[in-house]
């Protein structure tokens, strides 16, 4: 990356992050429709697999993309939020946009951004700009298929100007209640908006209230439904070194003995949904590999090789070994419950030190309630987001859940990490049987996970988490999750 592109990237990031942040939702598709119309509707240049849900969206989308690419298809992947570099959100053939392509992509659509801003009372938001960029980049590539993760909800999400041939709905629970509704049924109704006429809807296991809403939407629009636990699902799983062995029953065939290098039953469920989504796509005329809607099981060897390469950065990711430090993006009670279950299954810590920074608009008490049974001590802190709850206020909530003696405050995340590691070392020194009995979990937000990855990789001097593609995440962008 030349100095000119590096400078230009920083300038563009400032421009984009200065726009209305993605958590300040204005439920309208008017601006994004105006933008994609000016761009020539690039979202219609390729088939789309659309992914929504409350937890597991990003992991499932990444799994789908990996399987599609393993089958020889050129892929576009749009996910949010990013961990350390905004270009991570837009991937072509599994690679995030580097700084050069990110700058070029922004410059190409900048005149159209200005036109939309000039003709609408409310300017385009941060997320609307990135959505338009992604659609344009994928059309220019061109890609054979786009895997598209919603930012929030479904019906009014900016990504919903695209029509998915396959719509995937991961588990739904309470989150973003200010925008999506105060009940699971209301949230499901909003998310169900990505299920379009004639699509195939791949549904993860859902609470009954959500399942009823999703099935009603599918019936109303004439979509075909595939349900985890009925038409497809996980039929077996056991722990393995660094992950798990999983047996999946798909829509078109069985896929036994898959090594998935990720932890937790929830990731096995995400994999089942991903395989079903790719099988569903294989039944549509859009699949360039099979074509003509031919129904056949995926090649088991291709699936096995693809699954063994799957990653989900920031999701129970081990980033240090002595003591073990894990980062996890859980940001609501449902996500934390799944992470805690996976953590206790895969690791045998005698003492776990939890470091938490969370957005102030979340169900903080609910998140901490799920974490409390497994954490010996809690260090509360803040991340780089403007939405991060003040450490003092977080400590007050935490004291009611953990008790004041188990809570320590650190104003900065780097200080919190140093303290957490020191506490783990102390616990190890006092533990029977020698070191290795204590661990550190850094969690509460995607922003927290991303910040921690950057901080720890910088200290290790290996660039892990930031990469060579761009600078670390600015703290002003906000995040949906």
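Read the figures in this text as sums done on the coordinates, not as results from a lab. None of these values were measured; they are calculated from a predicted model. Because the Cβ atoms are built from the backbone with ideal geometry, glycine has one as well, and the counts that use them run over all protein chains shown.
Taking only DSSP H segments of four or more residues, each worth -39500 (n - 2.57), what value at 222 nm results for the chain once the sum is divided by all its residues, to the nearest 500 deg cm²/dmol?
-13000 deg cm²/dmol
What distance in nm separates the two pseudo spin-label positions at residue 29 and residue 387, each 7 Å out from Cα along the beta-carbon direction?
2.3
If a/c stays under 1.5 just call it rounded; otherwise compare a/b with b/c (prolate if a/b is bigger, oblate if not). Do that for segment 317-460, with a ≥ b ≥ c from the square roots of the Cα gyration tensor eigenvalues.
Details: a/c = 1.45, a/b = 1.28, b/c = 1.13.
Because its axes are fairly even, with a/c under 1.5, segment 317-460 counts as rounded.
For the chain, what proportion of DSSP beta bridges, expressed in % and rounded to the nearest 5, is antiparallel? Walk me through the numbers on the way to the answer.
Working: 22 of 60 bridges.
If I count the DSSP bridges inside the chain, around 35 percent turn out antiparallel.
Report the relative contact order of the chain, percent, no decimals, based on alpha-carbon pairs under 8 angstrom and at least 6 residues apart. Could the numbers behind the result be given before it?
Numbers: 1038 pairs, mean separation 78.5, N = 481.
It comes to 16 percent, rounded to a whole number.
Using a 7 Å offset from Cα along Cα-Cβ at residue 425, what residues in segment 313-339 end up with backbone N under 11 Å from the label point?
323
Ranking request for peptides 223-230, 75-82: highest mean number of other beta-carbon atoms within 10 Å first, then the rest in descending order. Please list the in-between numbers first.
Working: 223-230: 17.0, 75-82: 25.1.
So the order, starting with the most tightly packed, is 75-82, 223-230.
If you find the alpha carbon centre of segment 49-105 and of segment 243-265, how far apart are they in angstrom?
About 22 Å separates the Cα centre of segment 49-105 from the one of segment 243-265.
For a quick protection proxy, order the peptides 47-56, 194-203, 175-184 by their average other-Cβ count within 10 Å, most packed first.
Ranked from most to least packed, the peptides come out as 47-56, 194-203, 175-184.
Test of understanding: express the Cα radius of gyration of segment 20-171 as a ratio to 2.2 N^0.38 Å, with N the residue count. The partial results should precede the final answer.
Numbers: Rg = 14.3 Å, N = 152, 2.2 N^0.38 = 14.8 Å.
That ratio works out to 0.96.
What is the packing order of peptides 28-35, 350-357, taking the mean over residues of other C-beta atoms within 10 Å and listing the highest first? Spell out each step's value before the answer.
On the way: 28-35: 18.2, 350-357: 24.6.
The densest-packed peptide leads the list: 350-357, 28-35.
Taking a label point 7 Å from the Cα of residue 301 along the Cα→Cβ vector, which residues of segment 249-280 have an amide N closer than 16 Å to it?
Counting only backbone N, you get 256.
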